[in-house]
There are 2 protein chains.
Amino acid sequence: MSAKTGHCKIVDCTIRDGGLVNNWDFSVEFVQHLYRRLNEAGVDYMEIGYKNSPKLLKGADAAGPWRFLDDDFLRKVIPQKGNTKLSALVDIGRVDENDILPREESLLDLIRVACYIQDVDKALRLVQLFHDRGYETTLNIMALSNVMEHQLIEAFEEIRNSVVDVVYIVDSYGSLLPNDIDQLVAKFQQHLPNKRLGVHMHNNMQMGFANTLIGAQKGVELLDASVYGMGRAAGNCPTELLVANLKNTKYDLRPVLDMIENHMIPLREKEEWGYIIPYMITGMLDEHPRSAMALRNTPDKDKAVDFYDKLTTPEVLHDK
Amino acid sequence: MSAKTGHCKIVDCTIRDGGLVNNWDFSVEFVQHLYRRLNEAGVDYMEIGYKNSPKLLKGADAAGPWRFLDDDFLRKVIPQKGNTKLSALVDIGRVDENDILPREESLLDLIRVACYIQDVDKALRLVQLFHDRGYETTLNIMALSNVMEHQLIEAFEEIRNSVVDVVYIVDSYGSLLPNDIDQLVAKFQQHLPNKRLGVHMHNNMQMGFANTLIGAQKGVELLDASVYGMGRAAGNCPTELLVANLKNTKYDLRPVLDMIENHMIPLREKEEWGYIIPYMITGMLDEHPRSAMALRNTPDKDKAVDFYDKLTTPEVLHDK
């Protein structure tokens, strides 16, 4: 395995993915502080939220502004852009195309489209639109551990012929091991020789950083992470570990430590994410963490044996 | 990378390495419960403590009995042995040879000798003694990340000609990455073709499980771990992740979850170990965690930036 990682770029998803933990209840000051620190640290992209439309989502009123990014608001939050580019994620069926300004009128540089394998065609239509409006684009294929080979092969053909810049391998359930990353990256490289690759890994089995680094050393370019690993359920590859270990002199760990010390450790006392046994169990079972998230909101949150029995008893049906 | 791990054996170090966290203050009931659960889980070895001599160590009075295992005491703790074998660790210069009974008079099956590279000769003399008394033996070379090539090559020759059964790669500082494991395992396999290998990994950079699994897939046989990762500073590869992911039908996760739910989660509320930023910093700097352990005992325990500055400012000398 080569140790070369100088080609890599970090995409910090603390606000976007971390918002799934606290319903995007980050103050403007928190986000401004993070943006400043990521710039100082040399982090390449900051994903500052979702660009979905509140008209197309239930429960939208209660969420913080980072769930439905507005370009005017964004300009007030970040009056002066640094070297760290800005990114937003959209979901199929939840984005209003009219909300997407031409890039020269927006602070956003990158728009990423998340989808399941059966919606790759719809996702690529959105990618084309964003591309035509001047943005960098990525396609983030979720739940790859649940995708059958023939579905993937069909999707590859569409992707190969699309304008998308980067294609992501997303370990939605935190179930992938290094061996899986080796094989998936090799397969994507074989079938998509004209595309750059990205990885978004979850930490259910303490593999977030390891899988990301292994992908990087196999040639993956965009690496998703979040500060102190903040993200839904078990969370993500920690930004600080990438900044500390990628072979690139532009990265500086100190500003990320400052963010952790002053903002993330206090936040972790109020909100929960990370390596927690029910999330480990859904990860090893290759399942969505929603059953574990529900358990963590009950007094039985540490009853791991009952939870394991429930998920592994064949006659008990549970949704994925 | 092959995904084969059927040749592997798990060595659970919860009591021995976890004792470094709580000064071996485990009740007899706790240890009995763990032994029962490890048997049910199919775990191969339980390292139940150190077999050093209290006469040769300072501060011995305050420690729990697992720091200085006594064969009579052990027989009371475990009146009935199961399939899980018992192991003890000794340190060079801290073991009284007269304390080591012939194997047929002891509950112990395996005695492991830990040493730094410069003491391999002394360690192998002890190994010979334990071997002659009938025990399985391992040699655990600590701090391999700080060893120079010529030291290693010299040690390999002595080891190759010794009776030791298994040679361990120990990542004492939690500083190794998958690429390092690849290269170290390949080197050990090349120079020690007649020896089985083991790995003992620390979790400073969330690499405990990943490095262990990568070693396993390259042919390493003995895998150290501890339940819920309990071990000094950042702790170890979690036993539950090995039991859940190794390809061997003999392993059962449920008893390990029971141990975590009933014993480890309450214990973790009183004692600290795991992925904590000062330990991440000593890991990335390839240093002993003692400076971080000292910091965690002060009101400044989360002052990561000052700690990082202190360790990375060239004019400030600090011991390793």
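How many Cβ atoms of partner chains, on average, are near each residue of B:175-183 if near means within 10 Å of its Cβ? Write out the running numbers ahead of the final one.
Details: counts 0, 0, 9, 8, 8, 2, 1, 3, 2.
The shielding value for this peptide is 4.
GNM on chain B, alpha-carbon springs under 10 angstrom: the most fluctuating residue among B:266, B:178, B:278 is B:266. For the residues of B:206-216, the average number of beta carbons from a partner chain within 10 Å of their own beta carbon is 5.
Label point of residue B:160 (7 Å along Cα→beta-carbon): distances to the other copies' equivalent points are 4.9 nm, sorted ascending.
Solvent-accessible area per residue in chain B equals 39 Å², computed with a 1.4 angstrom probe and all protein chains kept. Closest approach of any chain B Cβ to the axis that rotates B onto A belongs to B:210, 2, distance given in whole Å.
Positive end of the dipole of the protein assembly as shown (Cβ unit charges, origin at the Cα centre): among A:111, B:312, A:191, the Cα lying farthest that way belongs to A:191.
Summing both sides, the accessible surface hidden between A and B at a 1.4 Å probe radius is close to 3700 Å². For the stretch A:116-174, the direction-averaged projected area of the alpha-carbon convex hull comes to 3.8 nm². Legend: residues in the stretch B:236-270 shielded by at least 40 square angstrom of accessible surface upon adding the remaining protein chains to the isolated chain (1.4 Å probe, heavy atoms) are B:241, B:245, B:253, B:254, B:257, B:261, B:265. Put simply, what bits of the stretch B:271-288 lose 40 Å² or more of accessible area when the other protein chains are there, versus the chain on its own (1.4 Å probe)? When all protein chains are present, B:275, B:277, B:280, B:284 each give up 40 Å² or more of accessible surface.
Taking the inverse of the mean 1/r over every pair of distinct Cα atoms in the stretch B:175-313 gives a Kirkwood hydrodynamic radius of 16.3 Å. Positive-end ranking of A:42, B:15, A:231 along the dipole of the protein assembly as shown, with charges on Cβ about the Cα centre, is headed by A:42. Under 10 Å, Cα contacts only: if you run a Gaussian network model on chain A, which one of A:209, A:26, A:73 comes out with the highest mean-square fluctuation? Of the options given, A:73 has the highest mean-square fluctuation. Placing one identical point scatterer on every Cα of the stretch B:1-102 and ignoring solvent, what is log10 I(q)/I(0) from the Debye formula at q = 0.17, 0.23 Å⁻¹? Here the Debye-derived log intensity ratios amount to -0.79, -1.29. Of the accessible area of chain A, computed with a 1.4 Å probe over protein heavy atoms only, carbon and sulfur atoms account for 47 percent. Its alpha carbons considered, the stretch B:9-270 gives a radius of gyration followed by a Dmax of 17.2, 48 Å.
Shortest first, residue A:39 label-point distances to identical copies amount to 6.4 nm, with the label point at 7 Å from Cα along Cα→Cβ. When residue B:99 is represented by a point 7 angstrom out along its Cα-to-C-beta vector, the spacings to that point in the other copies are 6.6 nm, nearest first.
Where the only charges are on Cβ atoms (+1 Lys, Arg; -1 Asp, Glu), what is the dipole of the stretch A:159-200 about its Cα centre, to the nearest 20 debye? Please list the in-between numbers first.
Values: 4 positive and 4 negative charges, 44 e Å.
Computed charge dipole of the stretch A:159-200: roughly 220 debye.
Of the residues making up the stretch B:1-34, those losing 40 Å² or more of accessible area when the isolated chain is joined by the remaining protein chains, with a 1.4 Å probe, are B:1.
Can you give the relative contact order of chain B as a percent, counting alpha carbon pairs under 8 Å and 6+ residues apart?
On the way: 629 pairs, mean separation 60.8, N = 320.
Over chain B, the number comes to 19 percent.
Give the Kirkwood hydrodynamic radius (Å, one decimal) of the protein assembly as shown, defined as one over the mean of 1/r across all pairs of different Cα atoms.
Values: mean 1/r = 0.0388 Å⁻¹.
For the protein assembly as shown, inverting the mean 1/r across all distinct Cα pairs yields 25.7 Å.
Relative contact order, percent, of the stretch B:168-320 when contacts are C-alpha pairs under 8 Å separated by at least 6 residues? It comes to 22 percent, rounded to a whole number.
The values are calculated or read from the model by the stated rules, or taken from the named source; none is laboratory data. This one's a predicted model, so the numbers in the text were calculated from it and none came from an experiment. Quick reminder, even Gly has a Cβ in these numbers, built from the backbone with ideal geometry, and neighbours come from all protein chains shown. Areas reflect the complete protein model, heavy atoms only, side chains present, ligands, DNA and RNA absent. Shrake-Rupley method; radii C 1.70, N 1.55, O 1.52, S 1.80 Å.
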